[in-house]
Amino acid sequence: MIKIENLVKTYGDIRAVDNISFEVKEGEIVGFLGPNGAGKSTTMNMLTGYLSSTSGTATIDGINILENPLEAKKRIGFLPEQPPLYLDMTVEEYLNFIYDLKGCKLNRRKHLLEICEVVRITEVYKRLIRNLSKGYKQRVGIAQALVGNPKVIIFDEPTVGLDPKQIVEIRNLIRTLGKNHTVILSTHILPEVSAICERIVVINKGKLIANEKTEEISRVVEGFRRLCVKIVGPKEEILDTLKKKEGISYCECLGAREADSNAYLIESDPGVDIRRPLFFALAEHGWPMIGEETMSTNLEDVFLALLDKNDERKKKRGVVKSNIIAR
Ligand code: ADP
Ligand code: MG
């Protein structure tokens, strides 16, 4: 349904997008994941015809976006990073305006009301967009993308700036839309793509570094499961015990937290949930564990892991370690 081939975009000396290729099949929900500045928006803007590419091609449903932009765009609904809302219009005026702009042929009233039901903005249909909350504005942005019932919907950072409740609502909405559309969700938030997408394309510094099933990416991430535990007892002996424990791949003391306890960083082997065995091992020695916290995995670590995986190289312990300490 979507095919991107050797896409490149340069801004002066900057190669914002550097030779990216991937495909999205009909009905798939694919995450496009990368840190800020990775080139996500630039790629999405080229894919949707908002921006021309320096080289390479993007086709939607077999139609080249640059050669036949009108036809290609009819098949895409796009929610850009900054939704193009007209604040002085009511929701009704705005959606009608978009309807005309897209030259939509569907039954106007019925189609627009249906969209409003789906994105749940019916109750603000007559209100000025200016006066809506950020969450509602985002929904109106999504409604705009749905006008004309496009096969493909592309979201660029759809939950940025929303509060946690709104984030959940928008994610649910995207999931629902994914049931009968092809969806690309571009974001820098790993849990967001893992929660919604079947496959994840990872981009960093303009380059594609992974294109895998979500489970596969999760497995790599899980390989980075790190715990910070507070343990009461003799530091050296505890360290020694932890280092020998099966399932623990790395351990270090982070220092004293309270008078009689130290904090330890523990990394477990991929796929191993070390928490229970750890509890029993410590209990055996009579060392109380008085705190346990899972450390978040940052994207940088995931990228390193994926890069290493791609290179078939071993995990770069030293680099990863210094990342942890820096945090
Ligand atoms: P993302 O959406 O992943 O945060 P962007 O696609 O917005 O990343 O940006 C990728 C890179 O291109 C960044 O280094 C950014 O500074 C640069 N860039 C984006 N737009 C422009 C522009 N119009 N002119 C110059 N550089 C740009
Ligand atoms: Mg962006």
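Values quoted throughout were computed directly from the atomic coordinates according to the rules given, and no laboratory measurement underlies them. Everything quoted here is computed from the prediction, not taken from an experiment. Cβ: placed from backbone, ideal geometry, glycine included. Neighbour counts: every protein chain shown.
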- Give me the distance between the Cα centres of segment 1-31 and segment 112-147, rounded to whole Å. 30 Å
- Query: Hey, quick one: spin label on residue 126, modelled 7 Å out along Cα-Cβ, who in segment 81-103 has an amide N within reach, i.e. under 14 Å?
  - Reply: 90-93
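Mind ranking 184-190, 257-263, 58-64 by how tightly packed they are, going by the mean number of other C-beta atoms within 10 angstrom, highest first? Please report the intermediate quantities before stating the final value.
Numbers: 184-190: 21.9, 257-263: 14.1, 58-64: 17.7.
Descending mean neighbour count gives 184-190, 58-64, 257-263.
Would segment 119-247 count as rounded, prolate or oblate if I go by the C-alpha gyration tensor, calling it rounded below 1.5 in a/c and otherwise prolate when a/b exceeds b/c, oblate otherwise? Intermediate results must be reported in sequence, preceding the final value.
Numbers: a/c = 3.54, a/b = 2.07, b/c = 1.71.
The shape class here is prolate.
Rounded if a/c is under 1.5, else prolate if a/b is larger than b/c, else oblate: which is segment 55-107, with a ≥ b ≥ c the root eigenvalues of its Cα gyration tensor? Provide the component values of the computation, followed by the final result.
On the way: a/c = 3.42, a/b = 1.76, b/c = 1.94.
Judged from the Cα gyration tensor, segment 55-107 comes out oblate (a/c at least 1.5, b/c at or above a/b).
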- Query: Between residue 36 and residue 245, what length in nm is gained on full extension when 0.36 nm per residue of separation is reduced by their alpha carbon distance?
  - Reply: 71.4 nm
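Highest first, please rank the peptides 125-131, 194-200 by the mean number of other Cβ atoms sitting within 10 Å of their residues.
Values: 125-131: 14.0, 194-200: 19.1.
So the peptides 125-131, 194-200, ranked by packing, come out 194-200, 125-131.
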